[in-house]
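Enquirer: This is the structure, below, for whatever I ask next.
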Amino acid sequence: MAADPTRAAEPAQSLRFLLLYALAWAGGAVAYVPFLTLFLPVRVAEISGSAAVQWLGYMAFGGAVAASIGGVAFGWLSDLYGKRWGWIRAGVVVNVVLLLVMARIETLWLLMATLLIWQLGLNMMLSPLAALAGDCVPDHQKGLLGGLLAFAPAAGAAAGALATFIGIIPRGGMPLQDQMSIVAVMIVACVGPLLLFGKPRPVPVSTGGSTERTREPRRLDRAIVRMWLARLAVQIAEATLFAYLLYYFQSLDPSFRAVDIARITSAVLILSIPLSLFAGRWADQSGRAIRPLRLSAGIGAASLALMAVSDSIATALSGYILFGVAAAVFLALHSSQTLRVLPSPTRRGRDIGLFNLANTVPSLIMPWLTIAIVPAYGFAPLLWLLALLAGLATFLMMSIEALPKSA
């Protein structure tokens with residue numbers, strides 16, 4: 001593999017900062033994955049009883065709307081008033097405090113209201129944190145950054161597993177509020193080191209007036225739209241598949257259990273980490289940032305097609321493992337390479353918030369997509385549709401010749 005000779009002369013961000021940033025980003029996943037997937041459903045069931053599914057649906061919808069608003073608003077505020085570090089600190093405090101509060105709330109309406117505020121606080125932390133990477137990490141390290149971001153999903157899953165495991169050790173089990181306190185400590189332990197010891201090296205920041213951006217603004221606008229649509233397509237495919245994965249596997253093998261999915265998904269997330277790091281480093285050294293995105297999206301499409309035609313659990317599992325790894329690599333590298341196509345450094349936080357709507361919109365689309373297809377036609381047509389979405393992402397990545405330099 002031939003390295004791009006121009007890379008060696010470019011200033012680089014310190015590895016220490018990149019590692020601390022990746023740890024903080026993992027802390028973001030720790031902040032929401034255990035709560036939304038484990039603790040919130042338990043808390044809603046404790047309060048509402050038989051109406052848990054309905055209330056959880058309301059909270060999921062409202063939370064997605066609040067997250068969308070918060071991502072754009074706090075990214076924009078961190079642009080207007082600067083001091084992204086201060087917004088991140090405030091977001092950590094709000095997030096941790098409200099997690100502990102929600103463990104003690106006894107009414108559904110108050111829980112929902114607090115959940116919406118918590119989503120705003122979560123994005124008060126995450127949106128400026130995402131923009132910080134654009135401020136501090138040069139283009140020739142964005143592949144490595146993307147590889148490091150692949151640790152976040154695994155960290156979120158591990159945090160939930162650890163908190164619940166510790167929770168069952170005491171006789172009679174640990175109260176939910178104590179388990180959420182463990183998660184709160186993990187959040188601070190992950191994000192705190194960056195806030196205390198981050199100190200990034202100064203790196204040259206373009207004013208957005210590079211020759212490439214000045215001469216070909218329309219091509220850059222097309223790249224932004226295509227990058228956004230590609231992420232949206234993969235996110236819809238991933239969210240839909242993961243939400244109904246247990247039912248799909250049980251349609252092939254009724255003995256398949258939720259714990260089996262948890263184990264396989266954990267293995268997929270762990271496997272995606274070294275592959276993301278390798279692909280990211282290759283992209284940095286070769287100067288071909290778009291190629292790993294094309295390849296991972298293409299593998300994802302083929303894997304979903306394999307699941308669509310599967311009539312055995314073994315073949316279906318093979319397709320799922322391939323898709324899970326490919327999607328994780330795509331989303332991790334896409335998150336960092338997106339920073340290259342944002343139009344202006346002065347609006348980076350706001351633009352990242354708008355870009356991240358591709359992360360929240362799928363949760364609004366996915367239930368209706370599944371309800372419209374699966375009851376009448378089964379899982380195969382749904383999987384073919386998801387394969388087409390991943391194929392669309394592949395086509396969109398193929399239509400981008402190369403990613404531009406950051407503004």
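Enquirer: Looking at the range 304-322 only, could you name the residues that are buried (at least 24 other Cβ atoms within 10 Å of the Cβ) and under 18 Å from S276 (Cα atoms)?
Expert: Of everything in the range 304-322, just one residue is buried (at least 24 other Cβ atoms within 10 Å of the Cβ) and under 18 Å from S276 (Cα atoms), namely Y320.
Enquirer: May I pose another question? Six or more apart or on different chains, Cβ atoms under 7 Å: show the pairs whose first residue is in the range 179-192 and free of Cβ contacts under 8 Å to residues at least 60 places away in the same chain and whose second is of a type outside the set (S, T, N, Q).
Expert: I182/A163; I182/I166
Enquirer: Anything in the range 373-407 that is surrounded by 18 or more Cβ atoms within 10 Å (Cβ to Cβ), among the hydroxyl-bearing types (S, T, Y) and assigned to a helix (DSSP H, G or I)? List them, or say none.
Expert: The one that is surrounded by 18 or more Cβ atoms within 10 Å (Cβ to Cβ), among the hydroxyl-bearing types (S, T, Y) and assigned to a helix (DSSP H, G or I): T394.
Enquirer: Among the listed residues T360, T338, T370, identify the single one that is of a type outside the set (F, W, Y), farther than 21 Å from F61 by Cβ and in a helix (DSSP H, G or I).
Expert: Values: T360 fails: farther than 21 Å from F61 by Cβ; T370 fails: farther than 21 Å from F61 by Cβ.
Testing whether each residue is of a type outside the set (F, W, Y), farther than 21 Å from F61 by Cβ and in a helix (DSSP H, G or I) leaves just T338.
Enquirer: Mind checking whether some residue in the range 323-344 is polar (S, T, N, Q), under 18 Å from L246 (Cβ atoms), surrounded by fewer than 23 Cβ atoms within 10 Å (Cβ to Cβ) and in contact (Cβ under 8 Å) with a residue 60 or more places away in the chain?
Expert: The initial filter retains those residues of the range 323-344 that are polar (S, T, N, Q), namely 335-338, 344.
Keeping just the survivors that are under 18 Å from L246 (Cβ atoms) gives none.
Within the range 323-344 (the criterion being polar (S, T, N, Q), under 18 Å from L246 (Cβ atoms), surrounded by fewer than 23 Cβ atoms within 10 Å (Cβ to Cβ) and in contact (Cβ under 8 Å) with a residue 60 or more places away in the chain), the answer is no, since none of the residues qualifies.
Enquirer: Could you tell me how many of the residues in the range 346-357 are at pLDDT below 90 and in contact with a Leu (Cβ under 6 Å, 6 or more places away or on another chain)?
Expert: Residues flagged as at pLDDT below 90 and in contact with a Leu (Cβ under 6 Å, 6 or more places away or on another chain) within the range 346-357 amount to 1.
Enquirer: Report whether or not L162 is surrounded by fewer than 20 Cβ atoms within 10 Å (Cβ to Cβ) and either assigned by TED's automatic domain parsing to the domain that holds F355 or closer than 30 Å to A326 by Cβ (or both). Break it down stepwise before answering.
Expert: Numbers: surrounded by fewer than 20 Cβ atoms within 10 Å (Cβ to Cβ): yes; either assigned by TED's automatic domain parsing to the domain that holds F355 or closer than 30 Å to A326 by Cβ (or both): yes.
It is true that L162 is surrounded by fewer than 20 Cβ atoms within 10 Å (Cβ to Cβ) and either assigned by TED's automatic domain parsing to the domain that holds F355 or closer than 30 Å to A326 by Cβ (or both).
Enquirer: May I pose another question? Do we find that R104 is charged (D, E, K, R) and either surrounded by 17 or more Cβ atoms within 10 Å (Cβ to Cβ) or at pLDDT 95 or above (or both) in this structure?
Expert: Values: charged (D, E, K, R): yes; either surrounded by 17 or more Cβ atoms within 10 Å (Cβ to Cβ) or at pLDDT 95 or above (or both): no.
No, not satisfied.
Enquirer: Give all pairs with beta carbons closer than 6 Å in which a residue from the range 252-278 that is in the same structural domain as A297 (by TED's automatic domain parsing) meets a residue that is outside any helix (DSSP H, G or I) and among the small types (G, A, S); count only pairs at least 6 apart in sequence or on separate chains.
Expert: What qualifies is S272/A150; I273/A150; S276/A150.
Conditions tested, residue by residue: (1) more than 20 Å from the chain's Cα centre (by Cα); (2) polar (S, T, N, Q).
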position: P34; (1), (2): no, no
position: A45; (1), (2): yes, no
position: S50; (1), (2): yes, yes
position: L56; (1), (2): yes, no
position: G75; (1), (2): no, no
position: R89; (1), (2): yes, no
position: V94; (1), (2): yes, no
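Enquirer: Looking at this structure, is F35 crowded, with 20+ Cβ neighbours inside 10 Å and assigned to a helix (DSSP H, G or I)?
Expert: Working: crowded, with 20+ Cβ neighbours inside 10 Å: yes; assigned to a helix (DSSP H, G or I): yes.
Criteria met by F35.
Enquirer: Does D221 satisfy the condition of being acidic (D, E), in the same structural domain as V329 (by TED's automatic domain parsing) and at pLDDT 90 or above?
Expert: Details: acidic (D, E): yes; in the same structural domain as V329 (by TED's automatic domain parsing): yes; at pLDDT 90 or above: no.
So D221 does not fit the description; no.
Enquirer: Identify the residue in the range 60-93 that is part of a helix (DSSP H, G or I) and among the basic types (K, R) and, among all such residues, is surrounded by the fewest Cβ atoms within 10 Å (Cβ to Cβ).
Expert: Restricting to residues being part of a helix (DSSP H, G or I) and among the basic types (K, R), the top hit is R89.
The values are calculated or read from the model by the stated rules, or taken from the named source; none is laboratory data. Just so it is clear, the model here is predicted, and its values are computed rather than measured. Here the Cβ is made from the backbone with ideal geometry for all residues, glycine too, and neighbour counts use every protein chain on show.
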